[in-house]
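Asks: I am attaching a structure below and will ask some questions about it afterwards.
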Amino acid sequence: MSSLCLVEAVTDALAVEMEADPAVLVFGQDVGGKGGVFRATVGLQERFGEERCFDTPLSEGGIVGAAIGMAVGGLKPVVEIQFSGFTYSAFNQLANHAARLRNRSRGSLTVPMVLRTPHGGGIRAPEHHSECMEALFGHMRGLKVVIPSTPYDAKGLLIAAIRDPDPVVFLEPARIYRSVRQEVPQEAYAIPLGKARVEAEGSELTLVSYGAQMKEAREAVRQLAAKGRSVELIDLRTIYPLDAETLVASVRKTGRLLVVHEASESFGAAAEVMAAAVEGAFEHLQAPPARLTGPDVFAPLARGEHHYLIRSEQITLEAERVLAYEP
Amino acid sequence: MFQAYDPREGKRLSLLNPEGCLADCVSALPRPSDEEVLEAYRVMVLARQADEWAVNLNRQGRMPTYVLNEGQEANSAGALLALRPDDWFVPAYRELAGMIMRGLPLHQIYLYWHGNELGSHLPRETYHMLPISVPVGSQPLHAVGLAYAERLRGSDRVVIAFMGEGATSEGDWHEALNLAGVWKSGVIFFTQNNQWAISLPAGKQTASATVAEKAFAYGFEGVQVDGNDLFAVYAAVRQAADKARAGGGPTLIEGYTYRLGAHTTSDDPRHYRVDSEVERWRALDPLLRLERYLRLRGLLRKKDVQDIKQKCLARAQAEFEQAERLNDPSLEDTFRFMFHELPQPLARQLERRRP
Ligand SMILES: Cc1ncc(C[n+]2csc(CCOP(=O)(O)OP(=O)(O)O)c2C)c(N)n1
């Protein structure tokens, strides 16, 4: 065991998989000598050489497009897009090729690659650095979309993503990159993709969140517990494919659902979770499924950030509203 | 018109040497008046002081991530000096001197970096300028579109777009040059080649010997200039602008320069480059060079130098305080610029958030 923060767990997962499988390679902007702008790839170039961990020119489409070719050619590229918003430049390659090649080639050509990129705001960053794009990726079809909220999950999910036979977008909650440490096993372990995690059991309300927002959700669960309320907290972990089974089982038990995410509301992941609850637990619902999300605006710059981010007190308030609802 | 400086033959336009002496050939080229040179000098000193003050503020925790300009001031200052105030200015994010030259108040520039969107409020007829563009390499295409609009509306305004050498690896950059070549757009593409794209050296960004030579593949001229030389930048941009105004199409200008500071305040260049390289470039500082020139010409006295510096620092401090004092954007502000009219979902979301 070693005590790691989330970004160190990412580095650890990359190192473990590069060690185990010579086909795994890591590249992107500033990932080599500098070790990444968030220092997620520190030491990998020294350890595995410039052929397996290298800097690319400033070209997101190039990075993803070349990774597709490498993956078809038998390698397992793990690429870093430096900040979330610059993934837009790679959408053509991602949506038109990475996601579709298996289907287009009737299963004969596959793209086992991972695209890692930071997720979310709250770090007083410039424009385009705070995007929450999980719903866009989830909607693309053909991509798996993963987002951890703890160091332990980060390592296990990233290893699973690297081993996955299909393209995976791995979103890293930048706000909590270094905020908590956790004991993480030194050896490799994979956490299955597509499985949500029930973090705390409860009986009155199902609270669903993921990524950095989990931090506030946990705090809200504590606040509610102090008021005698029993909340079941679920960390979604995978956006696509959604683990409807776990969600439905929980809502059948609690009868009430609140989904919280930083991403904007319309056509977001919360809508999908609510749909799953309505479809799978309709007759058990005691209140309309609710969501507390970012509004349909662009993440404000530093001085407006407080208008956008969701604090634990807001979650608690909203949870109380859902709990108080009488059919 | 740039035949004498073909980058494919390893030539670079350079007029003012590090000692502050002008080359003889300057007489055959467009050249700013003494007053204009003095104005550019003051703008560059203000940019330098404002830059240093911003870094200082960042260390004090009063300024979020800030992009440094130190050492590159002559590029955008010289370019904007050579253009008309109504020519379009499409910046990347490292053109502080050019923005000041364009007349954008320093407190507004600070407001942007301080994390208030009002810093990008740029009425069209006042500044003829687009906001800072963070997605690297994306904005040159907008320059091509602006030039098209100006031509169709019968104006002779030209457009200058800035970008770093890293931007030349982006697909959008190549699309912009190709379109401009095909459409004979009145655009000047100005690449500040500051040798580093964060930690990637220019030699690993492209296998071309220069950025400038890429223009020829798109069917127009490219020229490399000493980007730390105000006179060289001015001469190149002025000629490119005259050509564009006369319908002669685009030009790619590569300002060969150096980023003396970190990429941003979040970057530590010691991770990827050696101090000796930085020191070598420090001797080529564009501001020092201009100062020497002005002193040699008797346009500036020794005590003026200190005086201007101090006044500029005081001004930077005052303008920052003005930006800092301004109220934070309101909750409504985060919503009301999304559309001309607030649509239903946004109206509902705003209502729900009101205290
Ligand atoms: C499309 C895109 N990818 C990545 C980034 C992150 N980033 C910001 S600046 C930069 C380097 C840019 O280098 P260059 O174009 O040479 O300009 P410089 O910063 O040196 O002025 C990078 C990678 C970005 N802003 N936009």
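The values are calculated or read from the model by the stated rules, or taken from the named source; none is laboratory data. Just so you know, these numbers come straight off a predicted model, no measurement behind them. Don't worry about glycine lacking a Cβ; one is built from the backbone with ideal geometry, like all the others, and counts go over all protein chains shown. Each accessible area value is taken on the protein alone, full model and side chains, heavy atoms only, with ligands, DNA and RNA left out. Shrake-Rupley method; radii C 1.70, N 1.55, O 1.52, S 1.80 Å.
Asks: Suppose accessible area is computed on protein heavy atoms with a 1.4 Å probe; arrange B:Arg352, B:Arg153 from highest to lowest.
Replies: B:Arg153, B:Arg352
Asks: In terms of solvent-accessible area of protein heavy atoms at a 1.4 angstrom probe, what is the ranking of B:Tyr127, B:Tyr110, highest value first?
Replies: Final ranking, largest accessible area leading: B:Tyr127, B:Tyr110.
Asks: Could you give me D for chain B, from Stokes-Einstein at 25 °C and 0.890 mPa s, where the hydrodynamic radius is the Kirkwood radius over C-alpha pairs? Units µm² s⁻¹, please.
Replies: Answer from the Stokes-Einstein relation: 117 µm²/s.
Asks: Let me ask you something else. Working from the pairwise distances between different alpha carbons, so that the mean of 1/r is found and then inverted, what is the stretch B:284-326's Kirkwood radius in Å?
Replies: Every distinct Cα pair counted, the radius reaches 11.9 Å.
Asks: Classify the stretch B:164-289 as rounded, prolate or oblate, taking a ≥ b ≥ c as the square roots of the eigenvalues of its Cα gyration tensor: rounded when a/c is under 1.5, otherwise prolate if a/b is larger than b/c and oblate if not.
Replies: Verdict is oblate for the stretch B:164-289.
Asks: Okay, next question. Kindly report, to the nearest 10 Å², the accessible surface of B:Ile308 as traced by a 1.4 Å probe over protein heavy atoms only.
Replies: Near enough 20 Å² of accessible area.
Asks: Select from A:Leu317, A:Leu285, A:Leu247 the residue whose mean-square fluctuation is largest in a Gaussian network model of chain A (Cα-Cα springs shorter than 10 Å).
Replies: Highest fluctuation among the options: A:Leu317.
Asks: For each pair in B:Lys243/B:Lys311; A:Lys34/A:Lys155; A:Lys34/B:Lys303; A:Lys34/A:Lys144; A:Lys155/A:Lys227, compute the distance between the two Cα atoms and list the pairs where it is over 32 Å.
Replies: Cα-Cα > 32 Å for B:Lys243/B:Lys311; A:Lys34/B:Lys303; A:Lys155/A:Lys227; rest within.
Asks: Test of understanding: express the Cα radius of gyration of the stretch B:55-213 as a ratio to 2.2 N^0.38 Å, with N the residue count.
Replies: The value comes to 1.05.
Asks: Counting only helical runs of four or more DSSP H residues, what would the 222 nm mean residue ellipticity of the protein assembly as shown come to if each run contributes -39,500 (n - 2.57) and the total is spread over all its residues?
Replies: -12000 deg cm²/dmol
Asks: Along the Cα→Cβ direction, 7 angstrom out, place labels at B:His174 and A:Glu245. What is the inter-label distance in nm?
Replies: 4.6
Asks: Percent of alpha carbon pairs in the stretch B:284-355 separated by more than 21 Å?
Replies: 59
Asks: Still on this structure, I have one more. How many Å² of accessible surface get buried when B and A come together, counting both sides, probe radius 1.4 Å, rounded to the nearest 100?
Replies: Values: alone 16360 and 13790 Å², together 27070 Å².
The summed interface area works out to 3100 Å².
Asks: Is any residue of the stretch B:218-254 close enough, with backbone N under 11 Å, to a label point placed 7 angstrom from the Cα of B:Arg8 along the Cα-Cβ axis, and if so, which?
Replies: Counting backbone N atoms under 11 Å from the label point, the list is B:218-222.
Asks: Just want to confirm a number: the relative contact order over chain B, from Cα pairs under 8 angstrom separated by 6+ residues, in percent.
Replies: Relative contact order here is 25 percent.
Asks: Could you give the radius of gyration (one decimal) and Dmax (whole number) of the Cα atoms in chain A, in Å?
Replies: For chain A, the Cα-based Rg and Dmax read 19.5, 63 Å.
Asks: In nm, to one decimal, how far is the modelled label at A:Ser230 from the one at B:Arg352, with both set 7 Å along Cα→Cβ?
Replies: Reported label-point gap for A:Ser230 and B:Arg352 is 2.8 nm.
Asks: Order A:Ser105, A:Ser3, most accessible first, counting only protein heavy atoms with a 1.4 angstrom probe.
Replies: In descending accessible area the options line up as A:Ser3, A:Ser105.
Asks: Can you tell which of B:Gln306, B:Gln239, B:Gln322 shows the greatest fluctuation in a Gaussian network model of chain B with Cα springs below 10 Å?
Replies: Maximum among the listed residues: B:Gln306.
Asks: The stretch B:117-207: D in µm²/s via Stokes-Einstein (Kirkwood Rh, Cα pairs, 20 °C, 1.002 mPa s)?
Replies: 151
Asks: Just flag the trypsin sites (Lys or Arg not before Pro) in the stretch A:72-111 sitting in loop per DSSP whose Cβ has no more than 16 other Cβ atoms within 10 Å.
Replies: Counting only loop positions with at most 16 other Cβ atoms within 10 Å, the trypsin sites (Lys or Arg not before Pro) in the stretch A:72-111 are A:Arg106.
Asks: Please compute the alpha carbon radius of gyration of the stretch B:59-153, then divide it by the globular-protein estimate 2.2 N^0.38 Å. Two decimals is fine.
Replies: 1.11
Asks: Okay, moving on. Report the accessible area of B:Glu70, computed with a 1.4 Å probe over the heavy atoms of all protein chains in place, in Å² rounded to the nearest 10.
Replies: Ignoring ligands and nucleic acids, B:Glu70 comes out at about 40 Å².
Asks: Comparing the chain by itself with all protein chains present, which residues of the stretch A:43-71 are at least 40 Å² less accessible (probe 1.4 Å)?
Replies: Going by heavy-atom accessible area, the residues of the stretch A:43-71 that drop by at least 40 Å² are A:Pro57, A:Leu58.
Asks: For the stretch A:197-324, what is the per residue volume of the convex hull drawn over the alpha-carbon atoms, in cubic angstrom?
Replies: About 96 Å³ per residue, rounded to a whole number.
Asks: While we're looking at this one, here's another question. So, in nm, how far is label A:Arg106 from label B:Val305 when the simple model puts each one 7 Å beyond its Cα toward the Cβ?
Replies: 7.7
Asks: Accessible area per residue, 1.4 Å probe, Å², for chain B: what's the number?
Replies: Numbers: 14850 Å² over 355 residues.
Accessible area per residue, chain B: 42 Å².
Asks: Take the Cβ-Cβ distance between A:Ala20 and B:Arg325 as r, set R0 to 56 Å, and report the resulting FRET efficiency rounded to the nearest 0.05.
Replies: The calculated FRET efficiency here is 0.50.
Asks: To make sure I understand the rule: partners must be aspartates and glutamates, Cα under 15 Å from the Cα of B:Lys204, and not fewer than 8 residues away in the same chain. Which ones qualify?
Replies: Counting by Cα, and skipping residues close in sequence, B:Lys204 has these aspartates and glutamates nearby: A:Asp30, A:Glu50, A:Glu51, A:Asp55, B:Glu165, B:Glu170.
Asks: Can you tell me which of B:Leu299, B:Leu46, B:Leu81 moves the most in a GNM of chain B? Springs connect C-alpha atoms under 10 Å apart.
Replies: In this elastic network of chain B, the residue with the biggest mean-square fluctuation among B:Leu299, B:Leu46, B:Leu81 is B:Leu299.
Asks: May I pose another question? Once the whole set of protein chains is in place, how much accessible area is left on A:Glu187, using a 1.4 Å probe, in Å² to the nearest 10?
Replies: 120
Asks: Shifting gears a bit: Toward the positive end of the charge dipole of the protein assembly as shown, about the Cα centre and with charges on Cβ (Lys, Arg +1; Asp, Glu -1), which of A:Met140, B:Ile160, B:Pro343 goes farthest?
Replies: Checked the options; the winner is B:Ile160.
Asks: What is the pair-distance distribution P(r) of the protein assembly as shown, computed from all Cα-Cα distances in 20 Å bins starting at 0, with each bin given as a whole percent?
Replies: Final binned percentages: 17, 47, 29, 6, 0.
Asks: Counting other C-beta atoms within 10 Å, and keeping those with at most 12, which DSSP coil GluC sites (Glu not before Pro) do you find in the stretch B:310-345? Can you show the working numbers first?
Replies: Details: sites: B:Glu319, B:Glu321, B:Glu324, B:Glu332, B:Glu341; in loops: B:Glu341.
Those that pass, being in a loop and sparsely packed, are B:Glu341.
Asks: Moving on. Which whole-Hz couplings ³J(HN,Hα) result when phi for each residue of the stretch A:196-203 is put into the Karplus expression 6.51 cos²θ - 1.76 cosθ + 1.60, θ = phi - 60°, listed in order with x for Gly and Pro?
Replies: Once θ is set to phi - 60°, the couplings for the stretch A:196-203 become 6, 10, 7, 7, 9, 8, x, 10 Hz.
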